[in-house]
Every structure is written in structure tokens, then in C-alpha cells.
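As C-alpha cells, the structure follows; a few thoughts come after it.
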């Protein structure tokens, strides 16, 4: 669990859930660090992070810890997002058998005293971390790209140019697995006040573990910090998995382009996300 200085404001909300045995993986995705709840929380001023822990004595019992800078900011967020909060709550009810608010805490010491069994080993985390791509990542990025039939296939020279920061300003992020091996990446370019998503790939071994969501969340945050007001993209009409991911993250369909793709010829569906 995180540590905070003694004078730093902190407000922590603890919840316990019993996940349905056949929905434990779905529960971990929804309530984990890249799930629906965290994406909603990130819109609130004062939100710090969420930790999801497995109870070591009860495999189906989980405890979530939501960290905020203050109770006032948390309560203001709950009031402002009441409708969205209830919508997610209804959707996630099917994943759990029971839930209980365990309490509020104003410092980490009190939290540790209440839940001494929660340590780093009990925390449910993503498969790795998302970070900025480095030139040394290019060989692994190309291997991931070549193994993904639906990806845009670029030359090594094109990737090298991105690594040297040549051409249009770009955002290049990679997802790093627990052993340091790359398991995904996203490439995008900044055009005036817009961000065009050019390529995103997740390793076949890591699909449905929230990595694509984390890459897109970090891309949106990075693009916003660099002055972009919108992320846009096109995707093959038949790529239902990618389209479902974009729509889940709030992208809206803007239109289509007939005959945009070749081999086979297919329409492109246009999506955008306001930032």
C-alpha cells in the first residue's frame, strides 16, 4: 500500500466484495487499476489511486481501497457523478454476491492497523506497467506488430524515425509485463489540437487482461497533457474486438469510409474521444 507524509491530506474508502466464483476474473478487471471504476474516478479532482486486494483467507473475497486527497473532494465527486456511478454499479452487480463498506480512514497507519493482512502480495495489479517507448524497444515492438494481423505494419525505418523524434510529434507508449517483456504498445501523432491513434497492439497471450484499456487511458491522458482536445481513429468494420474496446472506453462512432482498407477491401469505421 502507498505511504504518505504525516502532514499530507488523505482520505481512504475501504469496501469488501464477495465475487461470484465464475466471475472472479471479470470482477478483477472491473474493479482493478484499469477497470470501469478507476476510469470514472480519474475524472474527479483529488483522486489518487485504487488498490484491489484479495483476502488471503477467502479466495472470493476482495477489498478495494480508494485513495483521495480529501473527504470533501470524494463527496463532491460522488455528487457530480451520481448518475454514472449508479450505471456502473448496476452493471457490476452481476459480478458479486455481497458488498459492504468497511470504513473511512484519514491516514495509512490507521488503514494498516485495520487491515494488517493487506500487503503488496495480496494486491491484484495489471500484468505490468505502461511507460514511454524507448529506441531500444523497437525490435520488440516490431515483433508484436508482425504477430498481429490487424495491426498497421510499418518499416523499421519508420519506427527508428519515431525513436529519433523526427517528423510529426508523436506519442509512443509500451506495456511492460511483470518480467520486463513488452506485451503491447500504442502509437499516435499530434496534429494541432488533435491526436490520431495510428497503431495499437496487445500480445495474444495478454488479451482480456486490461492492457489495451491501460494503453488507451494513458494515451488519452498524455494527449490531453500535450494540449489535444480529441483522439480520433479508424478501424476495420470487422474488427469487433477493437471496436468493443473503443466503445467501452467512451469513443463515439463518427462515420465511415467505404473501401478504405484493402486485402480484403473493407469499410473503415471512424471513432473519436473528446478529451
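The values are calculated or read from the model by the stated rules, or taken from the named source; none is laboratory data. Keep in mind that this is a model prediction, so the values were computed, not measured. A quick note on method: Cβ atoms are made from the backbone with ideal geometry, for glycine too, and the neighbour counts reach across all protein chains shown.
Taking residue 245 as the residue in question, decide whether it is assigned to a strand (DSSP E or B) and surrounded by 13 or more Cβ atoms within 10 Å (Cβ to Cβ). In short, no. Within segment 75-100, the set of residues being surrounded by 13 or more Cβ atoms within 10 Å (Cβ to Cβ), within 20 Å of the chain's Cα centre (by Cα) and closer than 20 Å to residue 25 by Cβ comprises 88, 92, 95. Scanning segment 211-227 for residues being in contact with a helix residue (DSSP H, G or I) (Cβ under 9 Å, 6 or more places away or on another chain) and either under 20 Å from residue 269 (Cβ atoms) or surrounded by 19 or more Cβ atoms within 10 Å (Cβ to Cβ) (or both) gives a total of 3.
Any residue at all in segment 128-147 that's within 21 Å of the chain's Cα centre (by Cα), surrounded by 16 or more Cβ atoms within 10 Å (Cβ to Cβ) and at pLDDT below 90? Yes, the conditions are met somewhere in segment 128-147.
Only one entry of 261, 246 meets the criterion of being farther than 25 Å from residue 36 by Cα and modelled with pLDDT under 95, and that entry is 261. Selection of helices (runs of 4 or more DSSP H) fully inside segment 57-125 by the criterion of at least 3 residues being in contact with a helix residue (DSSP H, G or I) (Cβ under 8 Å, 6 or more places away or on another chain) and farther than 12 Å from residue 16 by Cα returns 82-92.
Listed here are the residues, each with its yes/no results for (1) within 18 Å of residue 215 (Cα to Cα); (2) touching a residue at least 12 places away in the same chain (Cβ under 8 Å); (3) assigned to a strand (DSSP E or B); (4) touching a strand residue (DSSP E or B) at 6+ places or on another chain (Cβ under 6 Å).
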position: 136; (1), (2), (3), (4): no, no, no, no
position: 140; (1), (2), (3), (4): yes, yes, no, yes
position: 157; (1), (2), (3), (4): no, no, no, no
position: 173; (1), (2), (3), (4): yes, yes, yes, yes
position: 176; (1), (2), (3), (4): yes, yes, yes, yes
position: 183; (1), (2), (3), (4): yes, yes, yes, yes
position: 186; (1), (2), (3), (4): yes, yes, yes, yes
position: 189; (1), (2), (3), (4): yes, yes, yes, yes
position: 198; (1), (2), (3), (4): yes, yes, yes, yes
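Filtered by the rule that a residue be crowded, with 18+ Cβ neighbours inside 10 Å and in contact (Cβ under 8 Å) with a residue 24 or more places away in the chain, segment 47-65 gives 47, 51, 52, 53, 54, 62, 63, 64, 65. Determine, yes or no, whether residue 33 is closer than 21 Å to residue 96 by Cβ, at pLDDT below 85, touching a strand residue (DSSP E or B) at 6+ places or on another chain (Cβ under 8 Å) and not assigned by TED's automatic domain parsing to the domain that holds residue 210. Criteria met by residue 33.
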